[in-house]
Amino acid sequence: MEEVRSPQEERSLGASEVLLRVMAVGVCRTDIHIMDGRFPQVKPPRVLGHEIAGIVKRVGKEVRRAEPGWRVTCDSVVGCGRCYFCRAGSRQFCTTGYEMGFTHDGGCQEWLIVPEENVYPVGDTISMEEAAILDMEVYAALKKSEIRTGDVVLIEGPGPAGLVASQIARILRARRVLLSGDSERRLETGKLLGVDRAIHIRKEDLGKAVREETEGRGADLVMDCAGTAESFRQALETVAPGGKVVLYGIYPDPLPQASVLPVILKNLVVYGALSDRKYWDEVIALVEAGRLNLKRLITHIFPLDEAAEAYAYTRDGRDGVVKVVLQP
Ligand SMILES: [Zn+2]
Ligand SMILES: [Zn+2]
């Protein structure tokens, strides 16, 4: 056991809590939005970091599942465990709950105390960096949208979420997976990860490309991981009548003059993305089986001392960055 003591570690462990030595924390675009003050519910000072992996060092006296030594990925969403939403498995809507890195301090520190139910063990073949970014939300969002065998799926935005979504769409039996965006390098990564067609939206007409791929009818499912006014408009434009749209990327600003008329006239189904906190074990299994590649997403690793630099890389898209991971 570590000799180092910190205020977090000194705080006595709750009966159902575990003490984590944080090993890796993913940097997310949402962190940048928080730093820019676009999440008014997050009040500084706040320790960032909602994509967390670590090693269980101690467990509370009523902990039954987790054990010291477990290498884990950590769900940042904590619920009270008793309210209507928590009992229904939707702790993300718990009104007295919190989220690490948002309304409660997150993973950018050496030690972290979290409820036992928030940690999921990963095998030795998964690095702590991969475990940190092993978010099941993309998987949950696509699972809920029920891709049918043979569907043509368009993923907008080749960032970390889009690059995971392209792989998940394939795993869920899409026939063709298209990936669109304006970063040559990230679209290349998409191709290496098995995307059938990467569409550069400044060089190609996205609507035309999607029509070519679908005998003119449009994509059966469009997932917007870009979260811009343009990608929102294009999602409603490129989806086939009767199709599905998953809104995943966070639109930091209200959408100017966005028309939702296609939702009505094309008889669309639109899905949100703040999903129930399940499927962790399924996603872990996919990474362990080598079917979901997270390694290729991690382009940069920084020690926590260089966090300012790490956030700057993400903010400015420096040096072909896809995903930055910090090591506390
Ligand atoms: Zn995030
Ligand atoms: Zn609750």
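The values are calculated or read from the model by the stated rules, or taken from the named source; none is laboratory data. Here the structure is a predicted model, which is why all the values come from computation and not from measurement. Ideal geometry is used to build each Cβ from the backbone, glycine not excepted, and the neighbour counts take in all protein chains shown.
Taken over region 23-47, the criterion of being away from ligand 1 (no atom under 16 Å from the Cβ) and hydrophobic (A, V, I, L, M, F, W, C) is satisfied by Met23 alone.
The number of residues in region 122-135 that are closer than 23 Å to Tyr98 by Cβ and either small (Gly, Ala, Ser) or surrounded by fewer than 23 Cβ atoms within 10 Å (Cβ to Cβ) (or both) comes to 3. In the condition set (1) within 26 Å of Glu110 (Cβ to Cβ); (2) not assigned by TED's automatic domain parsing to the domain that holds Leu48, Lys323 is compliant with all but (2).
Summed over region 179-216, the residues that are in contact with an Asp or Glu (Cβ under 6 Å, 6 or more places away or on another chain) and among the hydroxyl-bearing types (Ser, Thr, Tyr) give a count of 1. Do we find that Ala289 is more than 17 Å from Ser127 (Cβ to Cβ) and without any contact (Cβ under 8 Å) to a residue 40 or more places away in the chain in this structure? No: the conditions fail for Ala289. Restricting attention to region 298-320, the residues that are closer than 17 Å to Cys108 by Cα and of a type in the set (Asp, Glu) add up to 3. Within region 83-109, restricting attention to residues that are in contact with a Phe, Trp or Tyr (Cβ under 6 Å, 6 or more places away or on another chain) and near ligand 2 (Cβ under 9 Å from one of its atoms), the residue that is farthest from Met35 (Cα to Cα) is Phe85.
Cβ separations smaller than 7 Å between residues 6+ apart or across chains give the following pairs from region 34-56 residues that are over 20 Å from Phe302 (Cα atoms) to residues that are away from ligand 2 (no atom under 16 Å from the Cβ) and at pLDDT below 90: Arg38/Pro252.
Restricting attention to region 82-96 and to residues that are of a type outside the set (S, T, N, Q) and surrounded by 14 or more Cβ atoms within 10 Å (Cβ to Cβ), the residue that is farthest from ligand 1 (Cβ to nearest atom) turns out to be Cys83. Which one is nearest to Glu117 (Cα to Cα) among residues in region 29-79 that are among the acidic types (Asp, Glu) and buried (at least 18 other Cβ atoms within 10 Å of the Cβ)? Checking each candidate, the answer is Asp75. Criterion first (of a type outside the set (S, T, N, Q) and assigned to a loop (DSSP other than H, G, I, E, B)) does Leu134 satisfy it? In short, yes. For Ile298, the conditions (1) over 21 Å from Cys225 (Cβ atoms); (2) at pLDDT 95 or above are fulfilled apart from (1). Residues in region 63-82 that are among the β-branched types (Val, Ile, Thr) and away from ligand 2 (no atom under 11 Å from the Cβ): Val63, Val72, Thr73.
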